[in-house]
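The structure appears right after this line, and notes come after that.
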4 protein chains.
Amino acid sequence: MEVGFIGLGIMGSRMAANLQKSGYQLTVYNRTPGKANDLVAQGAVEVQTAAEAARRGEVVITMLSTPQVVEETALSADGFLDAMQPNSIWIDCSTVNPTFSRQMAMEANRRGIRFLDAPVAGSKVPAERGELTILVGGDEPDVEVCRGIFEAVGQRTIHAGGHGMGSALKMVFNLLLGSSMVAFSEGMVLGEALGLEQARLFDILSNAIVIAPFVFGKRGKIENENYDADFPLQWMQKDLQLASVSAYEQGVPLPAVNVIKEVYAQAIRDGLGEQDFSAIYAYFRRGLKV
Amino acid sequence: MEVGFIGLGIMGSRMAANLQKSGYQLTVYNRTPGKANDLVAQGAVEVQTAAEAARRGEVVITMLSTPQVVEETALSADGFLDAMQPNSIWIDCSTVNPTFSRQMAMEANRRGIRFLDAPVAGSKVPAERGELTILVGGDEPDVEVCRGIFEAVGQRTIHAGGHGMGSALKMVFNLLLGSSMVAFSEGMVLGEALGLEQARLFDILSNAIVIAPFVFGKRGKIENENYDADFPLQWMQKDLQLASVSAYEQGVPLPAVNVIKEVYAQAIRDGLGEQDFSAIYAYFRRGLKV
Amino acid sequence: MEVGFIGLGIMGSRMAANLQKSGYQLTVYNRTPGKANDLVAQGAVEVQTAAEAARRGEVVITMLSTPQVVEETALSADGFLDAMQPNSIWIDCSTVNPTFSRQMAMEANRRGIRFLDAPVAGSKVPAERGELTILVGGDEPDVEVCRGIFEAVGQRTIHAGGHGMGSALKMVFNLLLGSSMVAFSEGMVLGEALGLEQARLFDILSNAIVIAPFVFGKRGKIENENYDADFPLQWMQKDLQLASVSAYEQGVPLPAVNVIKEVYAQAIRDGLGEQDFSAIYAYFRRGLKV
Amino acid sequence: MEVGFIGLGIMGSRMAANLQKSGYQLTVYNRTPGKANDLVAQGAVEVQTAAEAARRGEVVITMLSTPQVVEETALSADGFLDAMQPNSIWIDCSTVNPTFSRQMAMEANRRGIRFLDAPVAGSKVPAERGELTILVGGDEPDVEVCRGIFEAVGQRTIHAGGHGMGSALKMVFNLLLGSSMVAFSEGMVLGEALGLEQARLFDILSNAIVIAPFVFGKRGKIENENYDADFPLQWMQKDLQLASVSAYEQGVPLPAVNVIKEVYAQAIRDGLGEQDFSAIYAYFRRGLKV
């Protein structure tokens, strides 16, 4: 199957490589040149515009940084959407809000193009290993057509519902990650202040069911006090702000998330924005008299 | 081994029954009479004062409602502590704050009595099945002496550290339970507002690692909208208040917990105090336009 | 002086009437017809498009509901901005965010039009009496030219700074109003719970300096439990959300405001959105056991 | 009139001096010696125990640091309460919680002693000038007897209600002071981030009614960035914690205060505890990109 791939950043380049390994024929485009060399060496065709990348594909995948970039790449004067083949499928893997995904679906549909929003859960290493979780919104038949693609880049595909539901689910996931990391940090720091040792607490909590299991994957960073970013703290704050705005639009009060996002904002103010979001634990730990 | 057991409420009566099954000889006391009949039928001796219950035991176990009740039962004019045998062990399974546990340890020690704080994680059903987790603070040799007791009432014993550390760990557990339940509720309700179905979300989250696993044990209550209390919401609010006060004493800021405890307070104000603490989800769900 | 006036809602119609009384010759436009009759009876000319209203004025005033409406009225194909006379002044009295005001200033300037953002503090009655406070952003000479206009509609003009600073100041004012109303409510309700009487507390606080004086203007509403809206609670929540988003853009953490806006959101959920924002006191009072 | 005065700290020593100037004959006691020299030079009698100070007075005044100290000084084996003359009056000016004041009233009453809780609003300078506000709880006739005393130390006496109502009112005052200072700080810092100048904002707000007037008394500290404590930030945090606990006891949710007290806790963690509580503005200002 011919696939156009637009956006070869940290995530996109690894996803494209896995597609290639699974036998997909890629036409690739990245705004900044020089990211496609490895892919080209393995048989991909690099082109100079997003529209060219889109022209040949039965499927076009985008993995871009923000809604603004997606919109410009798709819909500007030389955008790729008008270049797509009739009845082909656009898969947007970028992390955006559900409302935006629905708008893109509408733009695609009225051009006779099918659309899936398909943001991914997982960061650099799972992307490299093809172990992402794909959160998909769109029509079932379209998801079926793309199943091979999703299986090439991920180990699990969740079809959450219609257009925008993939993006909605991603928002819920990140809300839970950000909130749980703060709950964990407050619990740990209180325990430590009361005399419990960090390593002992970690051991104990690892066998309990009182905290989200992903935090145990952060244990190495925490114990080494080395918070190299898998997912930067400032991105988490941005995603919680996004959730706050979506909740406002839906008329849903979220008192805890709105305080938690300000805790991340305080940590950014204090210089932790580019570290992994688990560094929020280090922010809380400052309160500890040692 | 002879055991004095003081406090035959929902938890205490079930724990005492399991001790009896494991061959411990019980002398039991409860402030309100009539709770000991089943135990007596199986061979326990019921007595009229806490002091009498304490007199014969090599170990005395208390399972009482609040620090005030523990203090009165142990230390008042006819309190049991002065009646205990030299070098015997008092195990306090009540949920209290770490400072209080340390005070009781001191009171015991200066009378030549050994002390363990040993609150339990788990509610009615695990108590009945002997599947509690025992969170123990105190000296290792004393824990060893009591290991048979802990194994009779629970499936897991965690020796968290010195006096008070069992109570500290219980506080951390409940902080995590209360915070995670709110994080889950905010995530679910935002997802539902955005169009994701409750059952579908539950299925998806059950296979993810983004939320504390205990919440899936609440799925039945949530789907049936029947929040019979395993652990009443107003107790959760009380425990979060306790954590807030302990954090204040330790000089540790806890912004999220302090907001979350007020959300539980609002739910109590709106009539949900006697329901299970997972009813906080129902409180959030009121924000949903259906 | 010839003035074009666009937007004859509750506020705009009253401001226009005061301009007329002060001798300004008005050309007026409102999207919904029938709002200009009184003004026409006093000599105003009503026209059918915003552009026509703008064509004759040395000054054009807009008093519209949202940034979206301002943008459309000014900049769409038949927008008024292109119809304005060279070097004339556009005064936007609408409540919008500072970034938006700066954009409008740029749009105006590159067409050779001068711009002032001039939102007003005060609601229906002060508008009627010409007792508004005008919060102005823009160049000093332009403010001077318009001083007569501001004095016709208000009793105080604050030149806060360059373009956008009027809107910034309005945002600060509303943040303070919304926060102070909640602080007052929490203080009152705690006092009442402790046994202090409402009327007595009001009397005492009226002579103290511990709370923003505007709350005493709400005493009638509170004592009569009649919260007819001068400024609806849901508008306050909208303005606090706006402040939250602006603070996010500026990288400024606002923990209190972010919780307070959720309290207003909870009050809206519970049915108080169309009442005056001082009804947040009634929301808190539900927590009172009477 | 003979007055026993117990507690000669920053506040107490100044209040005692003003009583002396008004002609009251003082017998004074302070736990730490050497604080009474000036008073003795003006005719006061210094004694070695609180009980002695109490013995001669028709009125006994206490101005102590915490409920614990009050309780010990009054009720311990050599406490002063048993030394007081029948039908004399104990005025407790210490800042304590309402429940504690009611307990002290009961202890006094059953010994045939009358009681007033009378904490003061105002700090060092007003204490020196006799310009405090006295917040009184107790019976009207007792307040009348003591009116001369209150007028000697303050310029305003507020009889808030029965026993404990003085302490309740003091709690409300401090809640409002602490909350308003944070509201002001968030508003200022957002305004400054948006481009408004600090001095200009101060000028503007001074003429508005959107913030508690006491903050303008803090302008000097803020502009000089010199936060010498009139009322230390850590005392404010303590009082907000006290309000939080009282609200919990009364079943009143206070979401804003509970977040605000954590902001003060964060400021203490970051080293601002001994500065004036208005230094919370400096804490917020760290978020400002200058």
(request) Pull up the DSSP beta bridges for the protein assembly as shown and report the antiparallel fraction as a percent, rounded to 5. (result) 15 percent
(request) Using θ = phi - 60° and the Karplus relation 6.51 cos²θ - 1.76 cosθ + 1.60, list the HN-Hα couplings for the range D:190-203 in order, rounded to whole Hz, with x at every Gly or Pro. (result) 5, x, 5, 4, 7, x, 7, 7, 3, 5, 5, 4, 4, 4
(request) Could you bin all the Cα-Cα distances of the range B:143-248 into 5 Å bins starting at 0 and give me the percent of pairs in each, rounded to whole numbers? (result) 2, 9, 16, 18, 16, 15, 12, 7, 3, 1, 0, 0
(message) Ordered shortest first, which distances in nm separate the 7 Å Cα→C-beta label point of residue C:245 from those of the other copies?
(response) 0.6, 4.3, 4.3
(request) Name the long-range amide H neighbours of residue A:61: under 5 Å, sequence gap of 5 or more, or other chain; modelled H, no Pro or chain starts. (result) A:4, A:5, A:6, A:91
(request) Report, to the nearest 10°, how far helix B:255-269 tilts away from the longest principal axis of the Cα atoms in chain B, using its own Cα long axis and a range of 0 to 90°. (result) 90 degrees
(request) Name all residues of the range A:202-236 having a backbone nitrogen under 17 Å from the label point set 7 Å from the Cα of residue A:131 along its Cα→Cβ direction, giving them as ranges. (result) A:213-221, A:230-231
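Interface size between chain A and chain B, please: total buried accessible area, 1.4 Å probe, rounded to the nearest 100 Å².
4800 Å²
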(request) Round to the nearest 10 and give me the degree value, 0 to 90, for the angle of helix B:10-21's Cα axis relative to the longest principal axis of chain B. (result) 50 degrees
(message) With a 1.4 Å probe and all protein chains left in place, how much of the accessible area of the protein assembly as shown comes from carbon and sulfur atoms, in whole percent?
(response) 47 percent
(message) I'd like the mean, over residues of A:197-203, of how many other protein chain beta carbons sit within 10 Å of each residue's own Cβ.
(response) 2
(request) Give, ordered by residue number, each residue of the range B:160-177 whose 1.4 Å probe accessible area is reduced by a minimum of 30 Å² on adding the remaining protein chains to the chain alone. (result) B:160, B:165, B:169, B:172, B:173, B:175, B:176
(request) Per residue of B:241-248, count partner chain C-beta atoms within 10 Å of its C-beta, then hand back the mean as an integer. (result) 5
(message) Quick check: with the 1.4 Å probe, what order do A:13, D:244, D:206 take by accessible area, largest first?
(response) D:206, A:13, D:244
(request) Return the sequence-ordered ³J(HN,Hα) values of the range D:156-167 in whole Hz as given by the Karplus equation 6.51 cos²θ - 1.76 cosθ + 1.60 applied to θ = phi - 60°, using x for Gly and Pro. (result) 8, 10, 10, 8, 7, x, x, 3, x, 6, x, 5
(request) With viscosity set to 0.890 mPa s and temperature to 25 °C, compute the Stokes-Einstein D of the protein assembly as shown, Rh being the Kirkwood radius across alpha carbon pairs; µm²/s, no decimals. (result) 74 µm²/s
(message) Before I look further, what does the range D:69-124 give for accessible area per residue, probe 1.4 Å, in whole square angstrom?
(response) 39 Å²
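If R₀ is 51 angstrom, what is the calculated FRET efficiency for the pair residue A:22 and residue B:156, using the beta carbon separation as r and rounding to 0.05?
0.70
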(message) In whole Hz and in residue order, list the ³J(HN,Hα) couplings for the range B:62-72 that follow from phi through the Karplus curve 6.51 cos²θ - 1.76 cosθ + 1.60, θ = phi - 60°; x for Gly and Pro.
(response) 10, 9, 10, 7, 9, x, 4, 5, 4, 4, 5
(request) Between residue A:32 and residue B:139, with labels modelled 7 Å along Cα→Cβ, what's the label distance in nm to one decimal, could you check? (result) 6.4 nm
(message) If I model a spin label at residue A:66 and residue B:228 as a point 7 Å from the Cα along the Cα→Cβ vector, what separation in nanometres do I get?
(response) 5.3 nm
(request) Could you tell me the largest-minus-smallest coordinate of the C-alpha atoms of chain D on each of the three principal axes, in descending order and whole angstroms? (result) 65, 45, 33
(request) Pull up all non-local amide H partners of residue A:156: gap of 5 or more, or a different chain, and H-to-H distance under 5 Å with H placed in the peptide plane. (result) A:134
(message) Need one number: the % of Cα-Cα pairs in the range C:1-148 sitting beyond the 28 Å mark.
(response) 8 percent
(request) Show that you can apply the helix-only estimate: for chain B, add -39,500 (n - 2.57) for every DSSP H stretch of four or more residues, divide by all residues, and state [θ] at 222 nm to the nearest 500. (result) -15000 deg cm²/dmol
(message) With viscosity set to 1.002 mPa s at 20 °C, what whole-number translational diffusion coefficient in µm²/s follows for the range D:1-79 from Stokes-Einstein and a Kirkwood radius over Cα pairs?
(response) 175 µm²/s
(message) Between residue C:245 and residue A:219, what is the label-point separation in nm under the 7 Å Cα-to-beta-carbon projection?
(response) 4.3 nm
(request) Report, ordered by chain and residue number, the lysines lying within cross-link reach of residue C:21, taken as a straight Cα distance under 19 Å and ignoring same-chain residues fewer than 8 apart. (result) C:35, C:124
(request) Apply the Debye scattering formula to the range D:66-187, with a single equal point scatterer on each alpha-carbon and no solvent, then give log10 I(q)/I(0) at q = 0.09, 0.15, 0.21, 0.23 Å⁻¹. (result) -0.26, -0.69, -1.19, -1.33
(message) Can you list residues from other chains, or at least 5 along the same chain, whose modelled amide H is less than 5 Å from the amide H of residue D:46?
(response) D:28
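The values are calculated or read from the model by the stated rules, or taken from the named source; none is laboratory data. Just so it is clear, the model here is predicted, and its values are computed rather than measured. Here the Cβ is made from the backbone with ideal geometry for all residues, glycine too, and neighbour counts use every protein chain on show. Accessible surface areas use protein heavy atoms only, side chains included; no ligands, DNA or RNA. Shrake-Rupley method; radii C 1.70, N 1.55, O 1.52, S 1.80 Å.
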